Amino acid sequence: MSKTHPQFTKPELQQTQNILNSNDFGSRPLVKGFTIDSETSMDLDDALWVETHGDIGKIQIHIADPTEAIEIDSPLDKAVRKRISTLYLARGIIPMLPFALSEQKLSLLEGEPRLTLTVEIEINQKGEILNYRIFESCFISLGKLSYTEVEAIANKPDHQLFLPIVSAQMWAKVLNNVRVKNGAFVGIIKGNYYINEDGDIQKISCNSQVLIAEYMILANTVVAQWLTEKSLISLYRNHSPQGGDLPEDINWLELESEDRRNFRISYSHCLARAMYEATCQGHFALANPHYLHFTSPLRRLADFIVHRIVKAELAGKQSPYTEDEINDLAESINEFNLEQKQNKSNYLKEKRDKTILRTTDYSTLETKDFSRLIQLSINNNSLSEIRQEVEIRLKAKQLTNTDLSWILFKTQDKTLHRLIIDNLDENIVVNLLDNCPNVIDEINLLEYQELISDLTRQIFIGRVVITLNEKQLTTSDAVKGKSKKDAKTQAHKALLEAYVNQELVSPSEASNPSDKVAEVIPEVPEVIELKHEIPISTLNNLCQQKKWKKPKLNYEQQNGVFICTATLQTEEETITKVGKATKKKMAQNLAFDLILIELEAVESSPIA
């Protein structure tokens, strides 16, 4: 990756030169370790040393200490606060600190003494933290290792770093297993992929790519816990599920691991972004009650600030930042990160768009990519170039609702419009139109109006009103259906048909729905008083006593009226009667009642 170096000011470069000329390591305790990173990385701000003593793991995580050399409010300090983070872009690296510092003087290079902050932790086989301490140190790197070199050393018992590497691998698994068990859904391995702290999915070729991340999470957690226990204001990294349509009465910190996993599955769609804040609220995705960023001070402002706060506390001094200053810093970093995320998203989208537009065999494109191609072609007025493939996929019902919406409402291609209407499944028409305001800028609102819903008379009438380019339009006539659902479907179909035929009118010009009522009022049968209280039960009981088969039933429905034909076979005769009513059971009761009346006439006695 090439390096870009937006000019640092003369005062910043002069301060850089002063640091390069300094070699004061003080009287700090000497510590050792090794770095693990990609082969090309030079800004090495974290290192590791791990030992195993029986059932106890002793872990030392060493982090570069740039704030020792860069005084607060100095030119470089102001530069760091302005740049906020090192940016790794396609066109090159934009550093937070001059390369002479981040990749040389302050970087944890092999064989070179460096000022560091060390987090020393003891854990047991359950991953529980038994002891920890944080102290200033002077670090010597015994090796700059790539991910593949770590894997190789783990198979070489005679290598000087064999034991610490094998121990690091073993305890990293313990730590990861504990977090997964606690319900974490980032910072974990899934098959050949690693879901990092930000939720990004990274393909991994060897476990050492994850190993170093595991210990960085541990160091960040311990430092956050240490500062929280001391009630210190800092830049904590908080991630909370409090957003969207989440239940307000759930305290996620108190959820058991299984409940946490279920919660994540149910509400992952509305989890908030991780944010920097002055007080510790915990990190839901990592299943950590305490978290911050401490391990990348050469390339991230948040870590740089946390170092200053930690060092002040170690020295017994007051924090160099007020709460208001921390809040301002948090806001600046959060805004910067959001902007960079959007920039990255835009860049990746543009890159993907170029790849899609270069495609010549459209049939090879997956549904998602072809959908994007439709949108790009419409925006570029070049839909004709892919028209053949559009028609093929349309007839094969392989276009998405969004594809259909774009073609219908963003083009004037009436032939394609008609093809869509003719091939449209009735069961998707409502979803297709209802989703339009979400994907078509020109459609501001789409509303179904249920004008008449009369269950008794089985009358269901409605219409759809669409707000297209700020103008309300609808069908000239309201639409009737066989049920509430069918009326809604037919109204949506009618709107599409009218749109394609350019027959939409303003609501004030639409016909009165009462005109439709006269067309569909069913012939309601005359209300007949039942002679028997419950004819169905009475006749069924009689059949059981006489050992007759129950009457055979046949139903029809005409204009909202149920017609029940009941036929009873006795030893001597066949009796058939018809009952009509707006309700199915009442029609059966009427038919059964008439059968009972005829039976009573034959036997000259009432049937109870």
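Please treat every number below as a calculation from the coordinates, not as lab data. Note that the coordinates shown come from a computational prediction; the quantities given were computed from them, not determined experimentally. A quick note on method: Cβ atoms are made from the backbone with ideal geometry, for glycine too, and the neighbour counts reach across all protein chains shown.
Where does segment 534-581 land on Rg(C-alpha)/(2.2 N^0.38 Å)? Let's see the in-between values first.
Values: Rg = 12.1 Å, N = 48, 2.2 N^0.38 = 9.6 Å.
Here the Cα radius of gyration is 1.27 times the empirical estimate.
Counting Lys and Arg as +1 and Asp and Glu as -1, each charge on the Cβ, what is the dipole of segment 56-114 about the Cα centre in debye, to the nearest 20? List each step's numbers first, then the result.
Values: 8 positive and 8 negative charges, 63 e Å.
Taking the Cα centre of segment 56-114 as origin, the dipole is about 300 debye.
How high is the FRET efficiency from residue 279 to residue 445, r the C-beta distance, R0 41 Å, rounded to 0.05?
Numbers: r = 42 Å, r/R0 = 1.02.
FRET efficiency, residue 279 to residue 445: 0.45.
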So which aspartates and glutamates can residue 485 reach, going by Cα to Cα under 16 Å and dropping same-chain residues fewer than 8 places off? 425, 426, 434, 447, 450, 454
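Can you show me the helix-derived [θ] at 222 nm for the chain, built from DSSP H runs with n ≥ 4 at -39,500 (n - 2.57) apiece and divided by the number of residues, rounded to the nearest 500.
On the way: 18 runs with 237 residues, N = 608.
Only helices count here, giving -12500 deg cm²/dmol.
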Among [x] 280; [y] 166; [z] 142, the value of volume of the Cα convex hull per residue in Å³ computed for this structure carries the label [x]
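Pop the C-beta distance of residue 20 and residue 173 into the FRET formula with R0 = 41 Å and round what comes out to the nearest 0.05.
So, using R0 = 41 Å, E works out to roughly 0.50.
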Return the lysines within reach of residue 354: Cα separation strictly under 30 angstrom, same-chain partners fewer than 8 residues apart disregarded; answer none if there are no such residues. 3, 203, 341, 344, 368, 395, 397, 410, 414
Could you give the distance between the Cα centres of segment 171-230 and segment 438-455, to the whole Å? 48
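List the relative contact order of the chain as a percent without decimals, with contacts defined as Cα pairs under 8 Å and 6+ residues apart.
Working: 995 pairs, mean separation 48.7, N = 608.
Worked out over the chain, it gives 8 percent.
Determine the gain in length on full extension of the stretch residue 353-residue 51; use 0.36 nm per residue of separation and subtract their C-alpha separation, reporting nm with one decimal. Could you put the intermediate results ahead of the total?
Working: separation 302, 0.36 × 302 = 108.72 nm, distance 4.96 nm.
That pair, residue 353 and residue 51, stretches by 103.8 nm at full extension.
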Residue separation between residue 230 and residue 502 times 0.36 nm, minus their alpha-carbon distance, gives in nm 90.8 nm
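Mind checking which helices in the chain clear 24 Å along their axis (Cα) and have mean Kyte-Doolittle hydropathy of 0.0 or more, DSSP H runs only? Write down the numbers at each step before the final one.
Numbers: long enough: 162-181 (29 Å, 0.55); 208-229 (32 Å, 0.84); 323-357 (50 Å, -1.44); 484-500 (25 Å, -0.72); 584-603 (29 Å, 0.48).
Flagged H segments are 162-181, 208-229, 584-603.
Just list whichever of 10/82; 546/585; 82/317; 552/583 have alpha carbons separated by over 20 Å in the model shown. Working shown, then result.
Values: 10/82 16 Å; 546/585 24 Å; 82/317 26 Å; 552/583 18 Å.
Beyond 20 Å between Cα atoms: 546/585; 82/317.
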